[in-house]
Amino acid sequence: MASPADLRYTRTHEWVRRDGDVVTIGITDHAQNELGDITYLELPDVGAAVAPNEPFGIVESVKAASDVYAPIEGEVIERNEEAVESPDLINSSPYDRAWLVKLRVADPSQIDQLMNPAEYDAFAEATGH
Amino acid sequence: MTGTAAEPLRETPLKERHVALGARLIPFAGWVMPVQYAGILQEHHAVRNAAGLFDLNHMGQVAVDGADALPFLQSVTTNDVAALEPGGAQYSLLPNERGGLIDDIIIYRRPSGNGYFVVLNASNRERDVAWLQTKAAERTDLNVTVEDVSDRTGMIAIQGPRAEAIVQPLCGLDLASLPGFHMVEGEIGGVPALVARTGYTGEDGFEFYTPVERIGELWDALVRQGASEGLVPVGLGARDTLRLEARMPLYGNELSDDISPLEAGVGWAVKLDKGPFVGSEPMRTMKAAGPPRRAVGFRMLERSGSPRHGYEVQVDGRPVGVVTSGAMSPTLGENIGLALVERDVAGVGKPLEIVIRGRAVPAVQIKTPFYKRPGA
C-alpha cells in the first residue's frame, strides 16, 4: 500500500508527523509487515531525551527484537500506552492507533530532509523481500 | 545455519505452491523455506485447534539396510533399536565419542520388517550421512549399507486435532488403529506413501514420505480435503513455537556437540544397558557423577521482551547458564523458555533471572511440557 502523503519517512522504517514543534513517530506498514505478529513494545518514559540514530524503543515480534529510532533530537512528551498494552495494534493500525511517541523538538525543520512518501515507497520496495 | 554464498540454496518441490499461497521465504539450513504464510500466531492456533500442513522436504533421510542393520544402528544411536517392531518409530540420538550429540533423529523400522529408515535434521544432513557411512565402513564385520535417500524422498506433515479426519477419506487405511510412533505403507490421495503417526508440534498428526516427484500431488490432495476442516499451511516460524510449547528439543538450541543428552532432558532416549555405543562410556561416567547442567523450563514473571536463544541466565546476579529457546507462547499468552543451567539452581519453583538487553528480568522454573494436548 502507498504510504500516507502527510508523513515523512526514515531509512530505518519509521514514519514522522510534524505538528508545530511536536513530532509524532511510528513504524511504517512495510516495517510491521516485515516483522510479523508483534508481541511486545518498549517505549521511553515521558521526559526522556531521545537523540538521532540512537534506539529509543524496542519492538518484538514472535521471531525477533528490533530497535526503533528517532530521526531527530527531542524530549518525549507523550507515549502511546494503548500500543504498549496491545502491541498488535502496530500490525493492524500502524499509522493511526499505534503511533509510538510524541516529541517536542527544537528544530522541526530537520524532518523536511527525510524521505517523502514516493521516495520511501521506492526505498522499501528496493530493500524489502 | 544458512547456506553460504558459494553454495546456491536448494528449493523444495513445493516452492511454487508456497509463493502462490503468499508465503514469506527465507534461507534455512541451505534451503529456501517458508517461514510464514498468514502469520505465525494464526498458523500456530490453527494447528492447536484444527490442522496445519508443513513442507518438510528439507529434512534428510537415510536408508539403513543389510543383515546387520540392527547391530549397526545399536552401535551409533542411544535408544534401544531392538525394541522396534516392524512399523515402529523411535526418537533417538546420534552421539559423538565425547558423549555430546551430532543430531537427534527418528528411526523407523520399515513395516515389512526389512531395514530401517532414519530421518535427520536438514542442518545436519551432510555430516550425519558422512558420519554414518564412515562408521559403517569401519565395521567390516557387519553387513550394512547406509544410503542417503533425501533427494528422492518427499516429506510433508499434517498436524492438529483434525488431522485424522482430513486424511482418513483420502486413503483405504484404518488410521484410527494406527498408534502413535507407528508407520504403515499405503496410498494417500492415490500417492504411494509411508504414513507415520509422528510429528513435532505436540498434536496428533501424520508425517508422510513419498517419491519426491509425487509430493506436490499429495500436498494438493490434503489442501483440497482440508479446506472445510480449517487446514492451513504452516511455516517454520510456527513450527518453532509449537515444538517449544511441547518441549521438543531443537538441534543447535537445546542439543549440540557439547551438550550431553543427560543434561538436555533427553536422557530417556539413552539406554546405557543396551550394550556399548558411540559415547556410551562418557555418558555412563556423567550419569554416575550426575550431569553438571540441567535443561529447565521457565516462564517470565514480569511483562518484558521475550527470552531468546543465547540470553544469559543469572541467579542473584551470578551467571548460571543460557537460554536455549524462548518465545511469547501463543497458546499460553506468556513468555516461556528453556535454559541450560548449573544443576544446583535447577528445580521447579526455583527462581532465575533472564538478562534481556542488560536488564535481569525475574522468571520461575515450571514443569514442562508447557503445553499438553487435551487427552494426551
| said: Can you give me the % of accessible surface on chain A that is carbon or sulfur? Probe 1.4 Å, all protein chains present, nothing else counted. | reply: 44
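Once Rh is set to the Kirkwood radius over Cα pairs, what Stokes-Einstein translational diffusion coefficient, in µm²/s, holds for the range A:11-127 at a temperature of 37 °C and a viscosity of 0.692 mPa s?
Taking Rh from Cα pairs, D becomes 231 µm²/s.
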| field | trypsin sites (Lys or Arg not before Pro) restricted to the range A:1-56 and DSSP loop, no more than 16 other C-beta within 10 Å | value | A:Arg11
| query | How big is the accessible area of A:Thr39 in square angstrom, nearest 10, if you roll a 1.4 angstrom probe over the protein chains? | reply | 20
| request: Kindly provide the helix-only [θ] at 222 nm of chain B, computed as the sum of -39,500 (n - 2.57) over DSSP H runs of four or more divided by all residues, to the nearest 500 deg cm²/dmol? | output: -6000 deg cm²/dmol
| Rg to Rh for the range B:292-376: what is it, with Cα atoms only and Rh by Kirkwood? | 0.96
| field | Among B:Gly252, B:Pro111, B:Gly347 the positive-end extreme of the charge dipole of chain B (Cβ point charges) | value | B:Gly347
| message | Can you sort B:Val146, B:Val348 by solvent-accessible area, 1.4 Å probe, largest first? | response | B:Val348, B:Val146
| Quick one: accessible area per residue over chain B, 1.4 Å probe, rounded to a whole number of Å²? | 40
| Charge dipole magnitude, Cβ of K and R +1, D and E -1 - chain B, Cα centre, debye nearest 20 | 1120
| said: Could you put B:Asp104, B:Asp258, B:Asp65 in order of accessible surface area, largest first, with the 1.4 Å probe and the full protein assembly present? | reply: B:Asp258, B:Asp65, B:Asp104
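In the structure displayed, which of B:Lys15/B:Lys135; B:Lys135/B:Lys367; A:Lys63/A:Lys102; B:Lys271/B:Lys367; A:Lys63/B:Lys350; B:Lys274/B:Lys367 lie more than 32 Å apart, Cα to Cα?
Violating the 32 Å Cα-Cα cut-off are B:Lys15/B:Lys135; B:Lys135/B:Lys367.
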| said: From the alpha carbon gyration tensor of the range B:192-274, can you work out the equivalent ellipsoid semi-axes (sqrt of 5 times each eigenvalue) and give them in Å, largest to smallest? | reply: 31, 16, 12
| So which GluC sites (Glu not before Pro) in the range B:221-317 pass both tests, a DSSP loop state and at most 14 other Cβ atoms within 10 Å of the Cβ? | B:Glu302
| Of B:Phe28, B:Phe206, which has the most accessible area and how do the rest follow, probe 1.4 Å? | B:Phe28, B:Phe206
| message | In whole Hz and in residue order, list the ³J(HN,Hα) couplings for the range B:25-30 that follow from phi through the Karplus curve 6.51 cos²θ - 1.76 cosθ + 1.60, θ = phi - 60°; x for Gly and Pro. | response | 9, 9, x, 8, 6, x
| In sequence order, what are the phi-derived ³J(HN,Hα) couplings for the range B:161-178 according to the Karplus relation 6.51 cos²θ - 1.76 cosθ + 1.60 with θ = phi - 60°, rounded to whole Hz, with x for glycine and proline? | x, 8, 4, 4, 4, 7, 7, 3, x, 8, 8, x, 6, 9, 5, 4, 8, 8
| field | Virtual spin-label span in nm between A:Ala126 and A:Asp88, 7 Å along Cα→Cβ | value | 3.6
| said: Taking the Cα centre as origin and putting +1 on Lys and Arg beta-carbons and -1 on Asp and Glu beta-carbons, what dipole magnitude results for the protein assembly as shown, to the nearest 20 debye? | reply: 1320
| query | Roughly how many Å² of B:Leu178 are accessible to a 1.4 Å probe, to the nearest 10? | reply | 10
| request: Kindly write out, for the range A:106-120 in residue order, the coupling ³J(HN,Hα) from the Karplus curve 6.51 cos²θ - 1.76 cosθ + 1.60 (θ = phi - 60°), rounded to whole Hz, with x marking Gly and Pro. | output: 7, 10, x, 5, 4, 6, 5, 7, 6, 5, 7, x, 5, 5, 5
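Output the peptides B:32-38, B:231-237 sorted from most to least packed, where packing is the average of other Cβ atoms within 10 Å over each peptide's residues.
Listed from highest to lowest mean packing, they are B:231-237, B:32-38.
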| Are there trypsin sites (Lys or Arg not before Pro) in the range A:38-129 that DSSP marks as loop and that have at most 16 other Cβ atoms within 10 Å, and which are they? | A:Arg97
| note | If amide H atoms are modeled at 1.01 Å from N in the peptide plane, then the residues at a separation of 5 or more from B:Thr368, or on another chain, having amide H under 5 Å from its own are none
| task | Just round it to a whole percent: the fraction of Cα-Cα distances in the protein assembly as shown exceeding 44 Å. | result | 22
| query | Hey, could you pull the Cα Rg and Dmax for the range B:157-222, both in Å? | reply | 10.7, 29
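Please work out whether chain B counts as rounded, prolate or oblate from its C-alpha gyration tensor, where a ≥ b ≥ c are the square roots of the eigenvalues and a/c under 1.5 means rounded, while otherwise a/b larger than b/c means prolate and anything else oblate? Don't skip to the answer; put the middle values down first.
Details: a/c = 1.69, a/b = 1.13, b/c = 1.50.
The shape class here is oblate.
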| remark: Taking R0 as 35 Å and r as the Cβ-Cβ distance between A:Arg11 and B:His45, the FRET efficiency 1/(1 + (r/R0)^6), rounded to the nearest 0.05, comes to 0.50
| said: Taking R0 as 22 Å, what FRET efficiency do you get between B:Leu142 and B:Ala288 from their Cβ-Cβ distance, rounded to the nearest 0.05? | reply: 0.15
| message | Checking the cross-link filter: which aspartates and glutamates have an alpha carbon closer than 13 Å to that of B:Lys372, excluding same-chain neighbours under 8 positions apart? | response | B:Glu203, B:Asp204, B:Glu245
| query | Roughly how big is the range B:292-376's charge dipole about its Cα centre, with Cβ charges of +1 (Lys, Arg) and -1 (Asp, Glu), in debye to the nearest 20? | reply | 260
| FRET E, pair B:Ala67, B:Asp273, Förster distance 35 Å, beta-carbon r, rounded to 0.05 | 0.90
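The values are calculated or read from the model by the stated rules, or taken from the named source; none is laboratory data. Treat the numbers as computed from the prediction; the structure is a model and nothing was measured. Note that each Cβ is placed from the backbone with ideal geometry, even for glycine, and that neighbours are counted across all protein chains shown. All accessible areas refer to the heavy atoms of the entire protein, side chains included, with ligands and DNA or RNA removed. Shrake-Rupley method; radii C 1.70, N 1.55, O 1.52, S 1.80 Å.
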